[in-house]
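To keep things clear, I will list the structure first and then write my remarks on it.
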Amino acid sequence: MKVAFISGTSIVNSTLFAGWSVRTIETKYGEVSYKTQGDFALLNRHGYGVPLPPHSINYRANLQALSLLGFEDIVSLNSVGSLKKELPPGTFVSCSDYVGLQQGPATFFDTELRGGAPGIANNLIPKLTGELAPEFRIHCGKVYVQMRGPRFETKAEIRIVQHWGDVIGMTAAHEADLCTELGLRYNSLALIDNYANGLEGTEIDFVKFKDLVKDNQGRVNRLFVRMLEILAS
């Protein structure tokens, strides 16, 4: 099965993908580097070299690159914060809807009077969740709240948006919108690395966040190993 993965810097730079070939492709919106092996491609949403913060990611180039490469099925792994007590750090979720009100959506329709109905296809999620179990439990049907970044949300902001969804992040809504415009099928997976600022007595900062992501690296690597096995069968 031909599948492209979109992930963050920690996964792309992990030893798991060290043997994959690195290639580049030119798009209308800029050059994109990616890793590939067999029918799979892996794209670092933040780019290679100095990673771009979420609000500066070239989302249009990233998704157009995958479309030009002939991929139709996209599996995204996002790092998120939890907005719910019952979804603690270390939990894997799949989001079926999202809120993206703070920042205007990335779009391919800047000069056209048109738009698309938003959505997340999740066409591969039933297969993945079924075959990843019981080693991994994926909590499905969650709602992703996107904020602009690069800073984390204030405690007051979290008190407002915790009623909007289940997890919070800075990237997935843009990717889902663009996939829909291109006719690509977006599949959402996310790992909760922390409680959102102020929830459960937490005080979030970037250094602590990086440590939490590092602590979860082994589990994410294992998740990718299993997904590659499942999608290759």
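Output the helices (runs of 4 or more DSSP H) that fall wholly within region 169-233 and possess 2 or more residues being crowded, with 23+ Cβ neighbours inside 10 Å and modelled with pLDDT of 85 or more, or say none. It would help to see each step written out before you state the result.
Numbers: elements: 172-182, 206-215, 217-232.
Result: 172-182.
Take residue 200 and tell me if it is on the phi > 0 side of the Ramachandran plot and over 18 Å from the mean Cα position of the chain (by Cα).
Details: on the phi > 0 side of the Ramachandran plot: yes; over 18 Å from the mean Cα position of the chain (by Cα): yes.
Answer is yes for this residue.
Mind listing just one residue for me: the one in region 16-26 that is touching a helix residue (DSSP H, G or I) at 6+ places or on another chain (Cβ under 9 Å) and in contact (Cβ under 8 Å) with a residue 12 or more places away in the chain and, of those, surrounded by the most Cβ atoms within 10 Å (Cβ to Cβ)?
17
Can you name every residue in region 4-29 that is more than 19 Å from the chain's Cα centre (by Cα), of a type in the set (Gly, Ala, Ser) and modelled with pLDDT of 95 or more? Walk me through it before giving the result.
Applying the first criterion (more than 19 Å from the chain's Cα centre (by Cα)) to region 4-29 yields 15, 18-29.
Among the residues that remain, those that are also of a type in the set (Gly, Ala, Ser) are: 18-19, 21.
Hit for region 4-29 is 21, nothing else.
Write out, first by first residue and then by second, each pair whose Cβ atoms fall under 6 Å of each other, whose residues are 6+ apart or on separate chains, and whose first residue, in region 27-39, is on the phi > 0 side of the Ramachandran plot while the second is surrounded by 16 or more Cβ atoms within 10 Å (Cβ to Cβ) and of a type in the set (S, T, N, Q).
30/58
Looking at residue 106 and the list (1) out of contact with any His (no Cβ under 8 Å at 6 or more places or on another chain); (2) farther than 26 Å from residue 221 by Cβ; (3) surrounded by 15 or more Cβ atoms within 10 Å (Cβ to Cβ), which single condition is not satisfied?
The single condition residue 106 does not satisfy is (1).
Just checking, how many residues over region 98-145 are farther than 28 Å from residue 28 by Cβ, part of a strand (DSSP E or B) and either among the aromatic types (Phe, Trp, Tyr) or in contact (Cβ under 8 Å) with a residue 60 or more places away in the chain (or both)?
2
Between 62, 44, 58, which is surrounded by 20 or more Cβ atoms within 10 Å (Cβ to Cβ), more than 15 Å from residue 184 (Cβ to Cβ), of a type in the set (S, T, N, Q) and touching a residue at least 12 places away in the same chain (Cβ under 8 Å)? Quick ask: steps written out before the conclusion?
On the way: 62 fails: more than 15 Å from residue 184 (Cβ to Cβ); 58 fails: surrounded by 20 or more Cβ atoms within 10 Å (Cβ to Cβ).
Only one candidate qualifies: 44.
With (1) closer than 28 Å to residue 218 by Cβ; (2) in contact with a strand residue (DSSP E or B) (Cβ under 6 Å, 6 or more places away or on another chain); (3) surrounded by fewer than 20 Cβ atoms within 10 Å (Cβ to Cβ) as the list, and residue 97 as the residue in question, which single condition is left unmet?
It fails just one condition, (1).
The values are calculated or read from the model by the stated rules, or taken from the named source; none is laboratory data. As the structure is a computational prediction, the values presented were derived from the model and not from experiment. All Cβ positions, even for glycine, are placed from backbone atoms using ideal geometry, and neighbour counts span all protein chains on display.
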